[in-house]
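Engineer: Below you will find the structure I want to go over with you.
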Amino acid sequence: MGRSSLVKDLKEFCCFLVSYFKIKFKKLFKNLEAGKSGVATILYRQRGRYSRPFVHSGMIFLLVLAVTIGPFIVSEGFGSFTASAEGLGSEVVSITGTDLETSTLETIKPRSDVIEYVVGSGDTISTIAEKFNVSIDTIRWENDLESVKSIKLGQVLKILPVTGISHKVKHGETVYSIAKKYKVDAQIIVNWPYNSFANDETFALAVGQEVIVPDGVMPKAVPVAPSPAYYAQVPAAGAVTGTGQFAWPTTGRITQGYTWYHKAIDIANNSVPDVVAADSGTVVVTGWPSPWAYGNRVIIDHANG
């Protein structure tokens, strides 16, 4: 009897609570609806006059709410996360050290300058290029090598820090002219971190400075045409007639003049200069063909009497 009375009282109490909260929620809902309608009516009538203050007020409210409640939410969240982690127990212990290993990727920084390398036993341009991570042509161009086989033991080679060309700036050259010469984009020269400029805004270069041209290609050498050889044209002798005007055949002093018994003029000169014909004509005698006292001679017939 007492138990049934207690159950009946609990049911009545629960019904009372339900009806009580139902009435309260209805009143709260009506009040919220009325407030919302009032605010909407004011905003509509004022055509957005209060929209900015309303938005600002809302933002301030959210900011205050975040500052006030935010730390509590964060601490609660991390606390629950810690608790859940602690609850894993042996599952966490079962993770191996291999699974937790991390690797660090190191950025390979290129060299900043040209280095010298002494060719050792067994070295070839190919192995040297592979060792320094540059192309074979880069080594060949920098060291003016005619072929990949033209290196010898003990030879000192210049090795660039990157595949490309090292260029010494001449008067009037710019980044753009150098880039055009070696068939690369000018931005590649500018982007090389170790190229310096006289003016960082215009990328002006100083005469005589060394500039690295990454991925540059050496222009092909223009073959030089051989200079033509000129030879004196000797006309055919044919029938040559003298002019009648005799020139001195050589230089020196006269040691003996022309007489009836010495039909010649003797000219002496210790420096032994060249002897030429006194006038044009045809050679008729050479050497020492007779016992006369002319010695070695050349007789020319001028064909004019």
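The values are calculated or read from the model by the stated rules, or taken from the named source; none is laboratory data. Keep in mind it's a predicted model, so treat the numbers as computed, not measured. For neighbour counting, all protein chains shown are included, and Cβ atoms are generated from backbone atoms with ideal geometry for every residue, glycine included.
Engineer: β-branched (Val, Ile, Thr), closer than 30 Å to SER112 by Cα, at pLDDT 75 or above and assigned to a loop (DSSP other than H, G, I, E, B): does that describe VAL276?
Structural biologist: On the way: β-branched (Val, Ile, Thr): yes; closer than 30 Å to SER112 by Cα: no; at pLDDT 75 or above: yes; assigned to a loop (DSSP other than H, G, I, E, B): yes.
Judged against the criteria, VAL276 is not a match.
Engineer: Would you confirm whether any residue within region 252-265 is out of contact with any helix residue (DSSP H, G or I) (no Cβ under 9 Å at 6 or more places or on another chain), modelled with pLDDT under 70, part of a loop (DSSP other than H, G, I, E, B) and closer than 30 Å to VAL175 by Cα?
Structural biologist: The answer is no; no qualifying residue exists.
Matching residues to (1) at pLDDT below 90; (2) within 22 Å of VAL207 (Cα to Cα); (3) touching a helix residue (DSSP H, G or I) at 6+ places or on another chain (Cβ under 9 Å):
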position: THR102; (1), (2), (3): yes, no, no
position: ILE125; (1), (2), (3): no, no, yes
position: ILE128; (1), (2), (3): no, no, yes
position: VAL169; (1), (2), (3): no, yes, yes
position: GLU173; (1), (2), (3): no, yes, yes
